[in-house]
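Notes to accompany the following structure.
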Amino acid sequence: MVNMLKIAIDGPAGSGKSTVSKIIAEKLNINYLDTGAMYRMCTLKILNKNINLDDENKITEIIDKIDIKMENNVFYLDNKDVSEQIRDEKISKNVSKVAAIKFVREKMVDIQREIASNADVIMDGRDIGTHVLKESKNKFFLNASIEVRALRRYEELINKGVNVIKEEIIKDIAKRDKLDSEREFFPLIKADDAVEIDTSGLNINEVVDLIISKIGEKND
Ligand code: CDP
């Protein structure tokens with residue numbers, strides 16, 4: 001991580017991580033890595049193969065050989081563009097269980113660190129500041145109330161034409177928050193040296209500007 005900009009953005013679902021990370025990457029002309037999309041691709045692969053989510057041996061075998069690629073925010077699983085598919089509610093409902101499996105996390109973190117090793121990068125996820133880019137000097141933890149986060153996700157889905165019930169979204173997000181925060185390996189928590197930003201009353205540009213104003217040193 002010599003003389004490179006490594007920005008870690010963590011936070012729960014609907015806190016605005018991916019939207020602001022994408023804009024910051026464009027503004028600063030650096031790479032953006034959506035680590036959640038990687039766990040979503042793992043989940044899609046496992047569900048496509050009809051593997052039981054409790055069958056860790058089978059999951060290890062499959063994920064060890066998984067073929068994932070990311071180019072300009074387009075996600076390829078076995079050379080097929082799955083960018084839309086990985087946002088399905090079925091994936092959202094199951095991803096936290098998959099992301100809690102130790103082998104899955106180790107494998108994905110290896111790929112994430114490899115990508116970060118030779119480029120300036122902004123990465124968003126749940127364990128970026130605490131684990132994946134632990135040495136980063138630019139860590140942010142975004143948060144917002146569950147109502148605000150669920151409303152954002154609800155509007156996003158309705159705008160995409162997906163028929164969803166608001167109460168269901170609140171329930172799903174609360175369940176995912178719990179699984180992500182309570183899991184054994186690298187749970188969702190704020191790194192001690194991360195700047196916490198409550199995005200409840202802020203629009204996207206305000207969050208982007210706030211983060212950019214706080215970006216400091218590169219890693220040396
Ligand atoms: O966009 P949203 O916040 O809904 O989710 P995401 O960032 O796509 O992440 C989906 C799920 O992957 C999370 O709920 C976590 O269970 C898991 N995840 C993780 O464990 N570690 C990461 N670095 C990123 C995501």
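The values are calculated or read from the model by the stated rules, or taken from the named source; none is laboratory data. What you see is a predicted model; the values in this text were computed from it and never measured. Quick reminder, even Gly has a Cβ in these numbers, built from the backbone with ideal geometry, and neighbours come from all protein chains shown.
What residue, among those in region 120-160 that are among the small types (Gly, Ala, Ser) and either at pLDDT below 90 or touching an Asp or Glu at 6+ places or on another chain (Cβ under 8 Å) (or both), is farthest from Asn31 (Cα to Cα)? This residue is Ala144.
A quick yes/no check of all residues on (1) within 12 Å of the ligand (Cβ to nearest atom); (2) in contact (Cβ under 8 Å) with a residue 24 or more places away in the chain:
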| site | (1), (2) |
| --- | --- |
| Tyr76 | no, no |
| Asn79 | no, no |
| Gln85 | no, yes |
| Lys90 | no, yes |
| Lys97 | yes, yes |
| Lys107 | no, yes |
| His131 | yes, yes |
| Arg153 | yes, yes |
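Somewhere in region 76-84, is a residue of a type in the set (Lys, Arg), closer than 28 Å to Asn118 by Cα and under 14 Å from the mean Cα position of the chain (by Cα)? Checked against the condition, which is being of a type in the set (Lys, Arg), closer than 28 Å to Asn118 by Cα and under 14 Å from the mean Cα position of the chain (by Cα), region 76-84 yields no hits at all.
Note on region 20-50: among residues that are within 14 Å of the ligand (Cβ to nearest atom) and farther than 17 Å from Ser96 by Cα, the one that is surrounded by the most Cβ atoms within 10 Å (Cβ to Cβ) is Val20.
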